[in-house]
Amino acid sequence: MRRKVRSEIEKHFKQVLNRPEILNRIGENVIVFDFIRPEVANEIFDQMVDNLLRDVSSLGYGVTLTGAAREVLRGLCLSDLSNGGRGIRNQVESHLINPLSRSLFDRGAEAGHRYRIEQIRPGPSTTIDLVSEQSP
């Protein structure tokens, strides 16, 4: 893929623009970005969500996701892979981190309590259904 992209760049500057000197200024500073494949995106998503839940747990709030909520979140976060891992991270922030933070704050959550995210409701401002569970 890199070879093909490099070949097309050379062709464009030399044959289309007739400006090979510009290509010489660019030199080898062309980075070919390979889009994330869906199976890799799923792994990235799972690691990000698991790490987030582990971080929240280290703060004293036990939070889990139902399977259905996780799949809704997965669909939201992986619908557009054109921005790579950072794009996935941005979507996790918009659809999980921010709504979870708001919900914990709004209910006056205290360390030591456990919560379960039952549902994720996408919209202009994603909301979650957070259910309190018995403390361990």
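The values are calculated or read from the model by the stated rules, or taken from the named source; none is laboratory data. From a predicted model like this one, the values you see are computed outputs, not experimental measurements. Heads up, the Cβs are rebuilt from the backbone with ideal geometry, glycines too, and the neighbour counts pull from every protein chain shown. These accessible areas exclude ligands, DNA and RNA; they are computed on the full protein's heavy atoms, side chains included. Shrake-Rupley method; radii C 1.70, N 1.55, O 1.52, S 1.80 Å.
The residue that is nearest to residue 88 (Cα to Cα), among those in the range 17-38 that are at pLDDT 90 or above and open to solvent by 100 Å² or more (accessible area, probe 1.4 Å), is 37. Whether a residue is part of a helix (DSSP H, G or I) and surrounded by 11 or more Cβ atoms within 10 Å (Cβ to Cβ) was assessed, and residue 14 passes this test. In contact (Cβ under 8 Å) with a residue 40 or more places away in the chain, touching a Lys or Arg at 6+ places or on another chain (Cβ under 8 Å) and either hydrophobic (A, V, I, L, M, F, W, C) or open to solvent by 50 Å² or more (accessible area, probe 1.4 Å) (or both) - does that describe any residue in the range 82-92? No, there is no match, as no residue in the range 82-92 is in contact (Cβ under 8 Å) with a residue 40 or more places away in the chain, touching a Lys or Arg at 6+ places or on another chain (Cβ under 8 Å) and either hydrophobic (A, V, I, L, M, F, W, C) or open to solvent by 50 Å² or more (accessible area, probe 1.4 Å) (or both). For first residues located in the range 107-132 and at pLDDT 90 or above and open to solvent by 60 Å² or more (accessible area, probe 1.4 Å), partners that are among the hydrophobic types (A, V, I, L, M, F, W, C) and assigned to a loop (DSSP other than H, G, I, E, B) and lie 6+ apart or on another chain with Cβ distances below 9 Å form the pairs 132/109.
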